[in-house]
Amino acid sequence: NDLQGGDLRYCQKCAHYKPPRAHHCRVCKRCVLRMDHHCIWINNCVGHANYKVFFIFVVYAVIACIYALVLLVGSLAIDSEEEEQESGSSSRTAYVISGLLLVPLSVALSVLLGWHIYLVLQNKTTIEYHEGVRAMWLAEKGGNVYSHPYDLGAYENLATVLGPNIFTWVCPTSSHIGSGLRFRTAYDYSAVALPST
């Protein structure tokens, strides 16, 4: 049994019960397990079933952009030397256009990657981050401290998202993810650590 009574919440829009970390997507018109966001670029929700693939795609996109920038700068340096020796037509326009496209794309993807690395290390989704900001404010207002219940520590958080085998972290596969109906929490770990009396 993956679900227990206290774990379910009711979705008013779907008129169904939904497990923890599931959210309703108003674009897809359905509840998505461990929903992070609806991505307009892939016209789909990023959530439990495809988050690792999305994350690894962004990693490789940033690597490709940086590689392309290195090639562009190297090519520009070589071509500049050749153009000094012979007076011919300039290919600088192509370099400028390529740079104007590559630099903002590289910066945007790097910011996106940085954001998702932060989320993975905290074992949060984008939605949970925004909910956590409010929960932290309410907790502080009441004199309490808020801690994200799914934060198991950096390594465990990475393993939760990317899989238990470090060697497959760079592969866009998700065979390790489980049902998406239940997730380990920090409370599970603290209950194990507490001595029984």
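Laid out as a table, the results:
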read-out: Members of segment 109-121 that are under 23 Å from Leu181 (Cα atoms) and either touching a Ser or Thr at 6+ places or on another chain (Cβ under 6 Å) or buried (at least 17 other Cβ atoms within 10 Å of the Cβ) (or both); value: His116, Leu119, Val120
read-out: Output for segment 138-157, where each listed residue is part of a helix (DSSP H, G or I) and more than 20 Å from Tyr118 (Cβ to Cβ); value: Leu138, Ala139, Glu140, Lys141
read-out: Segment 39-51 residues that are over 19 Å from Cys171 (Cα atoms), paired with ones that are surrounded by 13 or more Cβ atoms within 10 Å (Cβ to Cβ) and among the hydrophobic types (A, V, I, L, M, F, W, C) (beta carbon under 7 Å, 6 or more apart); value: Cys39/Val46; Cys45/Cys25; Cys45/Cys28; Cys45/Val32; Cys45/Met35
read-out: In segment 29-51, the residues that are of a type in the set (Phe, Trp, Tyr) and surrounded by fewer than 20 Cβ atoms within 10 Å (Cβ to Cβ); value: Trp41
read-out: Every pair of residues 6+ apart whose Cβ atoms lie under 9 Å, when the first sits in segment 103-128 and is under 14 Å from Leu162 (Cβ atoms) and in contact (Cβ under 8 Å) with a residue 12 or more places away in the chain while the second is aliphatic (A, V, I, L, M) and not in a helix (DSSP H, G or I); value: Asn123/Leu152
read-out: Any hit, segment 77-87, residues being surrounded by 15 or more Cβ atoms within 10 Å (Cβ to Cβ) and either modelled with pLDDT of 95 or more or under 30 Å from Cys14 (Cβ atoms) (or both); value: no
read-out: Within segment 129-146, considering residues that are in contact with a helix residue (DSSP H, G or I) (Cβ under 8 Å, 6 or more places away or on another chain) and surrounded by 13 or more Cβ atoms within 10 Å (Cβ to Cβ), the one nearest to Val161 (Cα to Cα); value: Tyr129
read-out: Candidate set from segment 122-164 (those that are of a type in the set (Gly, Ala, Ser) and touching a His at 6+ places or on another chain (Cβ under 7 Å)); member that is nearest to His23 (Cα to Cα); value: Gly132
read-out: Test: residue in segment 99-108 that is in a helix (DSSP H, G or I), hydrophobic (A, V, I, L, M, F, W, C) and surrounded by 15 or more Cβ atoms within 10 Å (Cβ to Cβ); value: yes
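The values are calculated or read from the model by the stated rules, or taken from the named source; none is laboratory data. Computed from a predicted model, the values in this text were never measured in an experiment. Heads up, the Cβs are rebuilt from the backbone with ideal geometry, glycines too, and the neighbour counts pull from every protein chain shown.
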